[in-house]
Amino acid sequence: MIKKIIFVLGVILVKKLVEVGSLQFIEQQARDKLSLARPGETIMVIPQSEIDKVLGAQKEVQKIVEPYWQGWLRLFWR
């Protein structure tokens, strides 16, 4: 059982290693995390407050609190 789990984890790690070693992944990370661009491209940074204005985001999200039993009832029988 333990050997099977270790084997499965090894397979998952090998797949992830192949993924992060690909040129597409490296380029995406360079663009997203380091704000790098190819020659001729322009990086534009839009503040989150401006995005919220355009999309009409609410300032505060109201959280609905209900008893656990009502949540389970709603999940299974409605």
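Anything in region 21-49 that is of a type in the set (A, V, I, L, M, F, W, C) and surrounded by 10 or more Cβ atoms within 10 Å (Cβ to Cβ)? List them, or say none.
Keep residues of region 21-49 that are of a type in the set (A, V, I, L, M, F, W, C), which gives 23, 25-26, 30, 34, 36-37, 43-46.
Passing the criteria: 25, 26, 30, 36, 37.
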Selection over region 5-27 where residues are assigned to a helix (DSSP H, G or I) and of a type in the set (Gly, Ala, Ser) yields a count of 1
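Values in this text are rule-based calculations from the coordinates and carry no lab data. Worth saying up front: this structure is predicted, and the values here are computed from it rather than measured. When we count neighbours, we look across all protein chains shown, and the Cβ atoms used for this are built from the backbone with ideal geometry, even at glycine.
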